[in-house]
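Remarks on the structure that follows.
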Amino acid sequence: MLDILKAAAYGLIQGLTEFLPVSSSGHLAISANIFGLEFEDAILFTLILHLGSLIAVFMIYRKDILELFVGFVVLAVKIFTGRFKYNKTSPGERFVIMIFLASLPLVIGALIEGGVESLSENTKLIGAFLMINSVILFCSDRIPTGKLTERTASPKNALFVGACQLIAVVPGISRSGSTITGGLLSGFDRKFAVKFSFIMSIPAILGASVFKIAGFASSESAANFDFVTFMMCFAGFICALVSGLAAIYVINIIARKKRFVVFAIYCFTAGLLTLIFG
């Protein structure tokens, strides 16, 4: 069983790599393959780590999320009363529509997730995908800065970024890296590209959590939850939350300064070492 320090380390990895463009699934899979993830409540533990990451997004973008919630309510009323016209929607309402459209490709991701999960067992293959991820990040710094925001971006832009998110179901390809790059290719302002990437992670994380909750509820470990398990989950949660907050802060600075090359070098090096020693 994982001890508290090991649980905290996994939480730290989850929080940092969920938002830094280096692939959380790839790093967690490599860590599990190398060091072993001998945790009988692994479903619950993974769920708690994702919850920590999710709360970090809510804390940083609380004003935008509140605007989204208001926009969602107003939009729902307009649709059900037959008064919906896209050209008369507010920025908040358009943002809701964009997040919805960007999340549609996740349906395809859910269908192929079972086949993709088997890739996580091949450490060297993850290393190769990390090197591909480094190329994506290297190219993102060279994309001209656009001017589109939630006020001017189109549904077509949102669908394109959502399709880019689908690539990240492969362990080793960063979700934040691929969606931020997709936003930049769509002409997004760099600050908005980062914000859109992180806010659109909410449906992705929630969707994955629903499946994990269902899996945990049907498992035998749900009836064996004890104080030790609680302490390990708590340690992982706190580390994922704190490191997630730090990662979001850092990535906003680096994206504006076009310094993704730092992560490109890291991913290439990590991928190469994984290929050699994996």
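The table below lists the values:
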{"item": "Complete set of residues in the stretch 88-105 that are open to solvent by 30 Å² or more (accessible area, probe 1.4 Å) and within 16 Å of the chain's Cα centre (by Cα)", "result": "Phe100, Leu104"}
{"item": "Residue satisfying condition, being at pLDDT 90 or above, among the polar types (S, T, N, Q) and buried (at least 24 other Cβ atoms within 10 Å of the Cβ), within set Ser154, Ser178, Ser186", "result": "Ser178"}
{"item": "Helices (runs of 4 or more DSSP H) (entirely within the stretch 1-103) containing at least 1 residues that are in contact with a Leu (Cβ under 8 Å, 6 or more places away or on another chain), of a type in the set (A, V, I, L, M, F, W, C) and at pLDDT 85 or above", "result": "4-19, 42-60, 91-103"}
{"item": "The stretch 133-151, subset in a helix (DSSP H, G or I) and of a type outside the set (Ser, Thr, Tyr), residue surrounded by the most Cβ atoms within 10 Å (Cβ to Cβ)", "result": "Asn133"}
{"item": "Val170 vs. criteria under 16 Å from the mean Cα position of the chain (by Cα) and crowded, with 24+ Cβ neighbours inside 10 Å", "result": "no"}
{"item": "Extreme residue, nearest to Val135 (Cα to Cα), among residues of the stretch 237-270 that are of a type outside the set (A, V, I, L, M) and at pLDDT below 90", "result": "Phe260"}
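The values are calculated or read from the model by the stated rules, or taken from the named source; none is laboratory data. Note that the structure is a prediction, hence the values are computed from the model and not measured. Positions of Cβ are backbone-derived with ideal geometry, glycine not excepted, and every protein chain shown enters the neighbour counts. For the accessible areas, the whole protein counts, side chains as well, though only heavy atoms, and no ligand, DNA or RNA atoms are used. Shrake-Rupley method; radii C 1.70, N 1.55, O 1.52, S 1.80 Å.
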